[in-house]
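The values are calculated or read from the model by the stated rules, or taken from the named source; none is laboratory data. No experiment lies behind these values; they were computed from the predicted model shown. Here the Cβ positions follow ideal geometry from the backbone for every residue, glycine too, while neighbour counts run over all protein chains shown.
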Amino acid sequence: MAGTQENLLNDLVAVVAKEGASDLHLAEGRPPFIRVSGFLIPLVKIQPLTKEDMEAFLSILLKPNNRQEFEEEKDTNFAWSHGSKLRFRCNAFVSLGKVGIAMRLIPNVIRTFQELKLPPSLEMFCRKQQGFFLVVGPVGVGKSTTLATMIESINKERLEHVITIEDPVEFIFEPKKSIIDQREVKLDTPDFHKALEGVFRQDADILMIGEMRDPETISTAVTAAETGHLVFSTLHTNTAAQTIDRIIDSFPSESQAQIRLQLSSSLLGIFSQRLIPRISGGLVPAYELLVNNNAVSNLIREKRTHEIDTVIETGSEEGMIDLNRSLAELVRTGEITAENAFRFSQNPKTLERML
């Protein structure tokens, strides 16, 4: 019977690849779903999955350490490779007593800034010697893909020691000019914080932290940026200003002045992105870019982060990119509809004046 379910999983993975899907969703009691260009599609020709199907999938997908975590925590993150071509970032969880598995396809080729339609100015941050750079946005907008492109740009151009700390490891880098060590949380290191402490003894130049999950990790990452490292990471926030507030608010009140000071001097920039449905099919990114200059640094120190949006709107000459301008440009070039631009805008009244 397990062989049948392995064949079914192989067939489903083949559908993901053939249809250009980004995600595969499996759960007991319903047919599999795939996500294509942002839209969920049920695979109605396949029977609803049974408890036995889901148990078999877990046996195929989970390593022993993930199986143990799943049994204890009812939730586990892991990566799974199907042959040499397809790799997935996955999460297994329990919902109302039933097993669910979400699988995100990781592209096997790391694409360039041009191919992803990302601004060339991101390359500027890949050439910095030290500092802290964040890629932010909701779940599923390509933050990991953007970070991978930035690390690959460094890999092609610079002789550096890069350490990534991820849960799980997503893109696999082939060392070119750089040495790249990839550490998976729970497999290679107990947690993000422990791995980060280790980098100070591992002669690392550049760090890529999959996600800023707690104040300890954030504090160590900011300290690393202050002490000569170039640090990249992600956060689930919507805007640059909100990101700064989220970082500071994650600390107890007595520590916030210190983290404000550290962040104001070590932050390089914050890139916030969205993926918008394209008129011709597929998705296209819209984005905001904050570049930390003297004005931004002062606003962070003086608790005036609410003024950062204005600085971004007026800072195009310094490389800043305003999300509304990015959306308006996509409408003007016929990439997206005005309706979708308004749907993704943080300030629709301002966008209305631009269109």
Inset, instruction - Would you please name the residue that is nearest to T145 (Cα to Cα), looking only at residues in region 284-294 that are of a type outside the set (D, E) and crowded, with 17+ Cβ neighbours inside 10 Å? - result: P285
Legend entry - Which numbered condition L267 misses (of (1) over 21 Å from the mean Cα position of the chain (by Cα); (2) buried (at least 18 other Cβ atoms within 10 Å of the Cβ); (3) of a type in the set (A, V, I, L, M, F, W, C)): (1)
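Filter region 213-231 down to residues that are of a type in the set (S, T, Y) and farther than 13 Å from I165 by Cβ and give me whichever is nearest to the chain's Cα centre (by Cα).
Among them, the one singled out is S219.
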Legend entry - Qualifying positions in region 315-349 - of a type in the set (D, E, K, R) and touching a residue at least 24 places away in the same chain (Cβ under 8 Å): E318, D322, R325, E335
Inset, instruction - Could you please tell me which pairs satisfy a Cβ distance under 8 Å, a separation of 6+ or placement on different chains, a first residue in region 29-50 that is under 25 Å from V141 (Cα atoms) and touching a residue at least 40 places away in the same chain (Cβ under 8 Å), and a second residue that is surrounded by 12 or more Cβ atoms within 10 Å (Cβ to Cβ) and of a type in the set (K, R)? - result: S37/R278
Inset, instruction - Answer yes if at least one residue in region 134-150 is in the same structural domain as E288 (by TED's automatic domain parsing), in contact with a His (Cβ under 8 Å, 6 or more places away or on another chain) and surrounded by 19 or more Cβ atoms within 10 Å (Cβ to Cβ), and no otherwise. - result: yes
Inset, instruction - Return a yes/no flag: does region 305-312 have any residue that is among the acidic types (D, E), over 20 Å from T243 (Cα atoms) and either assigned by TED's automatic domain parsing to the domain that holds A257 or not in a helix (DSSP H, G or I) (or both). - result: no
Inset, instruction - State all residues of region 214-237 that are of a type outside the set (D, E) and either free of Cβ contacts under 8 Å to residues at least 12 places away in the same chain or surrounded by fewer than 18 Cβ atoms within 10 Å (Cβ to Cβ) (or both); if no residue qualifies, say none. - result: P215, T223, T227, G228, H236
Inset, instruction - Looking for whichever is in contact with a Leu (Cβ under 6 Å, 6 or more places away or on another chain), of a type in the set (V, I, T) and at negative phi here; the options are T220, T234, T227, T239. Which one fits? - result: T220
Inset, instruction - Enumerate the pairs (first residue in region 243-266 and in the same structural domain as T223 (by TED's automatic domain parsing); second residue anywhere and surrounded by fewer than 18 Cβ atoms within 10 Å (Cβ to Cβ) and among the hydrophobic types (A, V, I, L, M, F, W, C)) with beta-carbon separation below 8 Å, excluding pairs fewer than 6 apart on the same chain, so at least 6 apart or on different chains. - result: I259/F251
Inset, instruction - Return the residue satisfying two criteria in turn: it lies in region 296-347 and is farther than 23 Å from L122 by Cα and within 23 Å of the chain's Cα centre (by Cα), and of such residues it is surrounded by the most Cβ atoms within 10 Å (Cβ to Cβ). - result: N340
Legend entry - Unique residue being modelled with pLDDT under 95, more than 30 Å from E339 (Cβ to Cβ) and out of contact with any strand residue (DSSP E or B) (no Cβ under 7 Å at 6 or more places or on another chain) when the list is S265, S219: S219
Legend entry - Selection status of L275, assigned to a strand (DSSP E or B) and either among the hydrophobic types (A, V, I, L, M, F, W, C) or assigned by TED's automatic domain parsing to the domain that holds A341 (or both): yes
Inset, instruction - Give I60, I106 a once-over and let me know the one that is over 23 Å from the mean Cα position of the chain (by Cα) and not charged (D, E, K, R). - result: I60
Legend entry - Test result for F200, over 17 Å from R301 (Cβ atoms), in contact with a Phe, Trp or Tyr (Cβ under 6 Å, 6 or more places away or on another chain) and of a type in the set (F, W, Y): no
Legend entry - Pair list, Cβ under 8 Å, 6 or more apart: region 105-129 residue on the phi < 0 side of the Ramachandran plot and touching a residue at least 12 places away in the same chain (Cβ under 8 Å), other residue of a type in the set (D, E) and not in a helix (DSSP H, G or I): L105/D23; I106/E170
